[in-house]
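First the structure, in the form of structure tokens, and then the observations on it.
The values are calculated or read from the model by the stated rules, or taken from the named source; none is laboratory data. Small disclaimer: the values here were computed from a predicted structure and weren't measured. Note that we place each Cβ from the backbone using ideal geometry, even for glycine, and neighbour counts take in every protein chain shown.
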Amino acid sequence: MGHSEITRDNPDHSSEKATWLDALIFAAMLILMLAGLGRYGLYEPHEAHFAGVGREMVTRGDWVTPHLNGAPYLNKPPLLYWFIALSYTVLGTINEFAARLPLALIGFAGCVISWQWARELSGIKAARMAAVMLMASAGWYLFSHQLMIELLLCVLYLASSYLLWKAIGEPDRRKHWAAFYVMVALNVLAKGPVGLAMSACVLMGFAACRRDGSLLRKSRPLMGAMIILVLTAPWLTLMELRNPGYLRYALISENVNRALDRRWPPDYDVVKVGVIPFLLAGLVWLAPWSLLAPQVVAYVREFGRTTSSGTAKNRDGIAILALTALVPLLFFIPIKARLVYYQLPLLAPAIILVALWFAAAHQERYRRGRLGAAMAFVVAGLAIGTGGFWVPGVIETIRDLKAAPGTVAVVDNIAFILGVAMLAGGALLYKGRPGWAVLATVSIFFLASLHNLEGFLAFDAVRSSRRVVGNLRDKVGPECIWISEGSKEVGASAGIGFYLGVDAKGRARHVYVMKDGDINHRAPPKFPYGEPHYLIDQTQLNEFWVLDKPVLFVTDFQRKSWESDRPRLPTSAATHSVEIPVSGHRRVYANEAAWKLLKDMK
């Protein structure tokens with residue numbers, strides 16, 4: 001393999017312009033990204049709590065202190081809350097579509113940044129591949145269709161790395177360094193110190209790879225510190241003034257103690273995983289492009305081992321992309337409290353590298369890798385395509401999915417569609433048509449994603465309060481007192497409050513939450529301002545139960561066993577079990593006043 005051949009393959013592509021085809025691709029991607037966002041209920045606990053905080057920002061008019069269920073909610077920085085509240089304000093409505101819209105647009109922005117970076121590195125063909133491949137990846141699709149803060153972290157982290165590459169390639173252009181630090185500051189407002197730490201690791205890792213310590217000095221750290229302070233200090237100062245003790249709580253409880261797995265309450269156990277499952281989950285989120293990991297590693301090594309592989313700017317871009325993909329793994333593997341989705345920031349940079357390989361895969365020197373990729377796609381296609389015969393039986397053993405048969409019912413069709421996509425991609429790769437392989441695979445994947453909306457809709461019976469509240473709210477009236485048993489996840493009761501809507505004065509309605517359940521299952525948060533007003537104990541529950549107004553008690557949606565973990569029901573008066581159509585694991589109990597309104601319910 002001659003080095004001159006590699007150099008010719010990597011000219012400066014920054015002058016290549018977008019065409020009508022790119023506009024058409026972006027329009028189709030945006031439509032697919034927004035399709036069905038409002039059809040299914042807010043999943044608990046995460047979606048409901050983010051949507052609920054945004055709602056209370058609007059109804060209370062307080063955009064400084066996040067509130068949930070009428071009390072300050074200090075677990076997360078405000079950026080995603082602000083975006084959701086802004087969406088409610090602009091659209092003039094508070095519903096599922098308005099809540100999910102900002103994150104869907106953020107996910108779309110990540111595809112645009114990937115398109116731009118790939119275009120500058122390898123041309124418009126690679127750019128188109130990077131954008132559609134990212135959107136079609138399992139993790140990007142799933143997390144752009146539900147409210148999880150990780151996707152915002154992913155996009156800001158990707159943008160900071162792109163701007164870092166631009167700043168290093170043009171060291172005399174202060175605007176790139178300034179823009180880099182703006183992205184880092186926004187990430188601090190989105191996710192806290194971890195957003196700063198990951199970008200710093202990429203910068204220091206790149207300096208180490210180049211063996212150029214002066215790069216850290218050239219990065220204008222003083223300017224960066226000033227930009228980060230200017231953008232973050234006002235909100236942090238106001239938060240500390242209005243909520244004394246917030247800074248210590250956010251730093252120690254939400255960062256240090258979480259990293260050491262000593263955070264209280266000990267929630268998130270449901271999605272906390274060991275190192276091997278953490279790595280395997282990364283491959284799942286990256287699917288189907290994770291099948292090309294060997295080819296991408298070889299492609300990156302090819303650029304790293306010779307100074308003749310393309311321009312210096314291209315080599316730097318490949319190195320920064322590789323570091324951006326690697327840092328989330330290296331950052332979270334040593335942390336015991338790693339969650340199953342903490343490696344999501346690797347998706348976009350890894351998929352850009354996959355797109356760069358695809359754009360060059362037609363060349364003869366990549367023939368062996370192309371054939372290997374074709375075989376991997378065909379084998380995966382056969383395995384996935386036949387999954388409709390055996391996967392439903394396996395996933396029906398998962399408790400949540402067993403409670404949502406509608407979700408299981410779409411699995412066989414989706415498995416068949418995905419299998420066809422992989423087989424088509426493998427066949428076209430074998431024929432030496434990598435561009436057509438991407439087009440075929442992605443197009444069929446998008447069909448599967450539209451079909452999967454039915455699965456999302458069916459699953460909200462398990463993970464959303466929408467059906468429970470919708471079945472009962474109008475029957476018991478606005479005077480009804482709603483009480484949640486609580487859950488291991490902080491904010492899990494937020495969905496009930498969200499779907500109760502607002503009162504006659506436009507204020508968000510709230511739900512009481514039990515605080516004296518099993519301390520290992522439903523421990524309440526210990527915020528610095530003291531105990532939230534919505535927490536009640538068994539004595540207060542009994543007092544509510546004998547009132548002459550309707551009272552409902554909704555059990556924990558995450559209960560694993562009704563035999564060993566029975567709910568603490570009121571003991572002061574008669575309690576009636578209410579049959580709720582399609583309620584997942586929840587059960588609802590009514591006092592005498594509520595039962596008179598509900599006993600004829602079918």
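Quick rundown of the values:
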item: Residue match in region 367-382 (condition: assigned to a helix (DSSP H, G or I), at pLDDT 90 or above, touching a Lys or Arg at 6+ places or on another chain (Cβ under 9 Å) and buried (at least 22 other Cβ atoms within 10 Å of the Cβ)); result: no
item: Single residue of LEU152, LEU163 found to be part of a helix (DSSP H, G or I), within 22 Å of the chain's Cα centre (by Cα) and touching a residue at least 12 places away in the same chain (Cβ under 8 Å); result: LEU152
item: Candidate set: region 543-586, residues that are in a loop (DSSP other than H, G, I, E, B) and among the acidic types (Asp, Glu); chosen: the one modelled with the highest pLDDT; result: ASP548
item: Within region 438-476, tally of residues that are among the small types (Gly, Ala, Ser) and either farther than 22 Å from ALA492 by Cα or not in a helix (DSSP H, G or I) (or both); result: 6
item: Per-region count, region 79-102, residues buried (at least 20 other Cβ atoms within 10 Å of the Cβ) and either modelled with pLDDT under 95 or in a loop (DSSP other than H, G, I, E, B) (or both); result: 1
item: Hits in region 142-186 - residues which are β-branched (Val, Ile, Thr) and in contact with a Lys or Arg (Cβ under 8 Å, 6 or more places away or on another chain); result: ILE149
item: Selected residue [of a type outside the set (A, V, I, L, M) and surrounded by 17 or more Cβ atoms within 10 Å (Cβ to Cβ)] from SER253, SER214; result: SER253
item: Yes/no for GLY491 being crowded, with 23+ Cβ neighbours inside 10 Å, touching a helix residue (DSSP H, G or I) at 6+ places or on another chain (Cβ under 6 Å) and assigned to a loop (DSSP other than H, G, I, E, B); result: yes
item: Residue that is under 20 Å from GLU454 (Cβ atoms) and either hydrophobic (A, V, I, L, M, F, W, C) or at pLDDT below 90 (or both), where the choices are VAL438, VAL420, VAL442; result: VAL420
item: Top-ranked residue of region 140-149 - restricted to ones that are out of contact with any Ser or Thr (no Cβ under 7 Å at 6 or more places or on another chain) and part of a helix (DSSP H, G or I), ranked as surrounded by the most Cβ atoms within 10 Å (Cβ to Cβ); result: TRP140
item: Test result for GLY61, surrounded by fewer than 21 Cβ atoms within 10 Å (Cβ to Cβ) and touching a helix residue (DSSP H, G or I) at 6+ places or on another chain (Cβ under 9 Å); result: no
item: Breaking point among (1) farther than 30 Å from ASN257 by Cβ; (2) of a type outside the set (A, V, I, L, M, F, W, C); (3) surrounded by fewer than 22 Cβ atoms within 10 Å (Cβ to Cβ), for PRO550; result: (3)
item: Tally of residues being under 22 Å from SER214 (Cβ atoms) and of a type in the set (Val, Ile, Thr) across region 188-203; result: 1
item: Selection from region 148-187 of residues that are of a type in the set (Val, Ile, Thr) and out of contact with any Gly (no Cβ under 9 Å at 6 or more places or on another chain); result: ILE149, ILE168, VAL182
item: Matching residues, region 228-249, being within 27 Å of the chain's Cα centre (by Cα) and either touching a residue at least 40 places away in the same chain (Cβ under 8 Å) or not in a helix (DSSP H, G or I) (or both); result: ILE228, LEU231, THR232, TRP235, MET239, TYR246, ARG248, TYR249
